[in-house]
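Notes to accompany the following structure.
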Amino acid sequence: MELVSRLRGQSTTVFTEITALAQRHAAINLGQGFPDTDGPATVLAAAKRAIDDGANQYPPLSGRPELLAAVSAHQRRRYGIDLDPEREVLVTVGATEAIAATILAFCSPGDEVVMFEPYYDSYAALVDLAGATRRTVVLRFPDFAVDEVQLRAAFSERTRLVLLNSPHNPTGKVFTRAELELIARLATEHGAWVVTDEVYEHLTFGAEHVPMATLPGMAERTLTISSAGKTFSVTGWKVGWVSGPAAAVAAVRSVKQFLTFGVNGPFQLAVATGLGLPDAYFDGLRDTLRDKRDLLVRALTGAGLPVAVPSGTYFVVADVAPLGVVDASAFARLLPAAAGVAAIPVQAFHDDSGAARTLLRFAFCKRDDVLTEAGRRLARLSGGQQ
Ligand code: PMP
Ligand code: GLN
């Protein structure tokens with residue numbers, strides 16, 4: 001039987017494809033973003049304890065009360081956002097399910113969704129599945145600044161949602177307060193809601209992460225999504241959440257109940273423990289990743305590649321044009337065999353076919369020795385010394 005036409009262009013994600021290539025060629029995988037070291041021992045121990053303590057049957061649809069309370073406390077402590085844990089927070093199967101359920105809850109055929117490209121791949125797939133139309137605004141290498149004229153032009157009377165992601169995958173951009181205020185103003189003028197994906201909220205390097213829901217008047221028209229994967233280095237656990245006004249969260253819950261119903265209980269309890277860790281944990285994670293960013297940026301520039309130094313996430317975008325590459329999508333498919341390193345072609349996250357022709361995204365959430373070796377291998381491509 002054939003896949004529905006709405007999803008035919010996106011039958012296998014670029015992450016799955018590049019990871020398979022990396023494995024086939026035993027390459028260093030700087031493609032799919034996952035850490036190669038475990039998260040905090042207390043959080044891992046809490047998951048094991050929860051299983052031993054019998055938290056193994058269906059949890060409540062909205063989430064375990066312990067995690068709902070922990071998300072609410074985290075938002076208050078970090079950002080001064082007040083949430084009623086019972087009505088304004090919903091636990092989901094990773095941020096991915098939160099994105100899916102939110103788009104399916106609010107978008108119908110004919111609705112338009114304003115989003116920035118490059119975009120995280122599931123945004124485009126879900127807008128397509130919902131039968132809605134995306135109106136994209138291109139962020140261009142190397143500064144990835146928001147073009148106000150393009151952004152204004154993307155809005156119309158059909159705009160239903162703005163899909164925002166800050167810190168931004170794949171560019172590493174952290175949207176400035178002024179950019180967020182512009183987005184907020186335009187969304188408000190057009191009666192649109194903002195769905196903001198903040199899964200990299202703790203991974204910023206010298207830039208301030210401003211949650212959209214903290215801007216004046218925005219809490220009432222913003223749904224905020226985050227997850228445990230990056231914050232606690234547990235991308236395989238798939239525990240996420242969405243928060244915002246009660247009626248909107250209830251609508252997302254109505255969709256979510258038919259996608260997966262509940263979310264695995266033991267890991268919810270462990271993530272609740274994690275969110276309660278002292279600030280020193282979050283600061284330590286950020287500092288460690290900043291050092292890794294610097295290491296990989298040095299390696300890439302040492303290999304002769306211009307980079308956009310990221311102020312957030314664990315990704316860095318580099319331009320491979322100096323290697324004589326004219327099509328980074330094809331090059332990324334050769335790189336694991338040719339150099340023993342895997343990376344993601346940024347073009348995979350674009351509608352604009354010329355926006356990222358020679359750009360690759362490299363993940364730096366890896367051990368220092370792994371990053372150093374990847375740098376050595378890449379330097380050989382350009383004939384550089386490392
Ligand atoms: N949003 C963004 C921007 C991401 O980079 C990712 C994956 N790393 C997700 C959502 C998905 O998060 P999760 O693994 O929690 O589903
Ligand atoms: N979010 C991860 C990345 O950007 C990949 C997630 C996935 O494999 N779907 O690399």
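Quick one: order ARG298, ARG160, ARG134, ARG361 from most to least accessible surface, probe 1.4 Å.
In descending accessible area the options line up as ARG298, ARG160, ARG134, ARG361.
Restricting to DSSP H runs of at least four residues, report the calculated mean residue ellipticity at 222 nm for the chain, -39500 (n - 2.57) per run over all residues, nearest 500 deg cm²/dmol.
Calculated from helices alone, the mean residue ellipticity at 222 nm is -13000 deg cm²/dmol.
Using Cα pairs under 8 angstrom and six or more residues apart, how large is the relative contact order of segment 256-371, in percent?
The normalised contact order for segment 256-371 reaches 24 percent.
Distance from a point 7 Å along Cα→Cβ of ASP291 to each backbone N in segment 12-51: keep the residues under 20 Å and list them by number.
Residues 34-42 qualify, since their backbone N sits under 20 Å from the label point.
Sort out for me the Cα centre separation of segment 257-271 from segment 1-80, rounded to whole Å.
11 Å
Quick one, can you get me the convex hull of the C-alpha atoms of the chain expressed as volume per residue in Å³?
In the chain, the Cα convex hull volume per residue is 140 Å³.
ALA145 to ALA246: extension gain in nm, 0.36 nm per residue of separation minus the Cα-Cα distance?
Computed gain between ALA145 and ALA246 is 33.0 nm.
Accessible area of the chain with a 1.4 Å probe: how many percent of it is carbon plus sulfur?
Carbon with sulfur: 52 percent of the solvent-accessible area.
Run the quick spin-label model on ASP52 and SER108: label points 7 Å from Cα toward the beta carbon, then report their separation in nm to one decimal.
Once both label points are built, they end up 5.3 nm from each other.
Just reorder GLU201, GLU2, GLU208 by solvent-accessible area, largest first, 1.4 Å probe, all chains present.
My answer, sorted largest first, is GLU2, GLU208, GLU201.
What FRET efficiency comes out for the pair VAL4/ALA280, r = Cβ-Cβ distance, R0 = 35 Å, nearest 0.05?
With a Förster radius of 35 Å, E is 0.15.
Let me have the relative contact order for the chain, percent, based on Cα pairs under 8 Å that are six or more residues apart.
This gives 24 percent for the chain.
I want to verify a result. In a Gaussian network model of the chain, Cα cutoff 10 Å, which of these has the top mean-square fluctuation: GLY240, GLY54, GLY217?
GLY54
Between THR231, THR222, THR372, where does the largest GNM mean-square fluctuation fall for the chain, given springs only between Cα atoms within less than 10 Å?
In this elastic network of the chain, the residue with the biggest mean-square fluctuation among THR231, THR222, THR372 is THR372.
Quick check: residue separation of GLU189 and THR12 times 0.36 nm, minus the Cα distance between them. What number comes out in nm?
60.0 nm
Provide the gained length on full extension for the span ALA338 to SER353, in nm with one decimal, where the gain is 0.36 nm per separating residue minus the Cα-Cα distance.
Working it through step by step, the gained length comes to 2.9 nm.
How high is the relative contact order of segment 129-227, in percent, counting Cα pairs under 8 Å that sit 6 or more residues apart?
25 percent
Ranked from the most accessible area to the least, with a 1.4 Å probe and all protein chains present, what is the order of PHE106, PHE362, PHE34?
Largest accessible area first, the list is PHE34, PHE106, PHE362.
Note the count of lysine pairs whose C-alpha atoms are less than 25 angstrom apart in the chain, limited to pairs 8 or more residues apart or on different chains.
The result is 15.
Counting only DSSP beta bridges with both residues in segment 147-245, what percent are antiparallel, rounded to the nearest 5?
The answer is about 30 percent antiparallel.
Accessible area per residue, 1.4 Å probe, Å², for the chain: what's the number?
40 Å²
The values are calculated or read from the model by the stated rules, or taken from the named source; none is laboratory data. Small disclaimer: the values here were computed from a predicted structure and weren't measured. Cβ coordinates were reconstructed from backbone atoms using ideal geometry, including for glycine residues, and neighbour counts include every protein chain displayed. What goes into the accessible areas is simple: the full protein's heavy atoms, side chains included, and nothing from ligands, DNA or RNA. Shrake-Rupley method; radii C 1.70, N 1.55, O 1.52, S 1.80 Å.
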